[in-house]
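Reviewing the structure listed below.
The values are calculated or read from the model by the stated rules, or taken from the named source; none is laboratory data. On a predicted model such as this, the values are computed, not experimentally measured, just so you know. FYI the Cβ positions are ideal-geometry reconstructions off the backbone, even for glycines, and counts take in every protein chain you see.
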């Protein structure tokens, strides 16, 4: 049985009417039949024009249209979305061979280990333009901490770059980062002035930062919120000096006791060296005898050796 070949009809585009309405529902798409050139050596295609001819052929390919009139379930208020997918073809640039080597990430040379490393492993030091690989920076920090150096600068001598714990946290091992943080905290404590709160019902440890004013005389305990003398580390005593406060007994450092002492000084009262009671002389000589039995000089407080009315200390 003989097979009859069918030839596709060919239309001349010049014979078509040019006044086609854009709103006509019937659309005709004409495409030229694919050429068989290039299938044999006689009909070889020029390589120089291949890229141009191929792009023209791809542009002439008709897109796929969907007739929405075929779907009756589409309401007028439905949201319609047109999806535009990029072509899946990968084109080579002009002059690029299909046998070109694949793309490789950028690399840099670390000046410490003198090895070529990927750019993603580069670590930029803060405050300068030097960068090294993460592994070398991590080992460099660990070596500095081993030498008890907490302020770590750039490996380049004389460079102003600094390495901070927060910046290096992601490249350091957990134990190295923790050791660095603990050492910094300990250094801050050692540099700061510290004392215990003088109030017996508190006794909390109070720290004063190194940057605080050295002329500051008082501070507030952060635990009991009571005032503390910074100079001598005792309770705040605005009425008397630190030297006078240190001479007071523990049971005489209350605010009322200090006010009584200031009143005694203003009235020139004498104090018994034995029982510490205040005595006021109304008349007579300087020889005083306390109710505890001790005789002393009212002027200088020296005890009388022979119960004489003459004081051998102040010669009065």
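Could you pull out the residue among 311, 297, 275, 292 that is farther than 30 Å from residue 201 by Cα, out of contact with any strand residue (DSSP E or B) (no Cβ under 9 Å at 6 or more places or on another chain) and in contact (Cβ under 8 Å) with a residue 12 or more places away in the chain? Checking each option against the conditions leaves just 292. Scanning the range 145-175 for residues that are under 20 Å from residue 122 (Cβ atoms) and part of a helix (DSSP H, G or I) returns 165, 166, 167, 168.
Total residues in the range 146-164 satisfying the condition of being surrounded by fewer than 17 Cβ atoms within 10 Å (Cβ to Cβ) and in contact with a helix residue (DSSP H, G or I) (Cβ under 6 Å, 6 or more places away or on another chain): the figure is 1. Here the range 298-309 is the region considered, the condition is being under 14 Å from residue 284 (Cα atoms) and at pLDDT 80 or above, and the residue that is surrounded by the most Cβ atoms within 10 Å (Cβ to Cβ) is 298.
For the structure I just gave you, tell me whether residue 178 is out of contact with any helix residue (DSSP H, G or I) (no Cβ under 6 Å at 6 or more places or on another chain) and either surrounded by 12 or more Cβ atoms within 10 Å (Cβ to Cβ) or modelled with pLDDT of 85 or more (or both). Considered against the rule, which asks whether it is out of contact with any helix residue (DSSP H, G or I) (no Cβ under 6 Å at 6 or more places or on another chain) and either surrounded by 12 or more Cβ atoms within 10 Å (Cβ to Cβ) or modelled with pLDDT of 85 or more (or both), residue 178 comes out as yes.
If the condition is being at positive phi and surrounded by 13 or more Cβ atoms within 10 Å (Cβ to Cβ), then the range 221-273 contributes only 233. If you go through the range 274-297 and keep only what is in a loop (DSSP other than H, G, I, E, B) and surrounded by 15 or more Cβ atoms within 10 Å (Cβ to Cβ), you end up with 286, 290. Quick one: which residue in 250, 213 is closer than 16 Å to residue 196 by Cβ and modelled with pLDDT under 80? When all the criteria are applied, what remains is 250.
Among residues of the range 130-151 that are farther than 27 Å from residue 108 by Cα and in the same structural domain as residue 170 (by TED's automatic domain parsing), none has a beta-carbon under 7 Å from a residue that is at pLDDT 95 or above and surrounded by fewer than 14 Cβ atoms within 10 Å (Cβ to Cβ) at least six positions away or on a different chain. When residues in the range 102-142 are screened for being part of a helix (DSSP H, G or I), out of contact with any helix residue (DSSP H, G or I) (no Cβ under 8 Å at 6 or more places or on another chain) and more than 15 Å from residue 164 (Cα to Cα), 3 of them pass.
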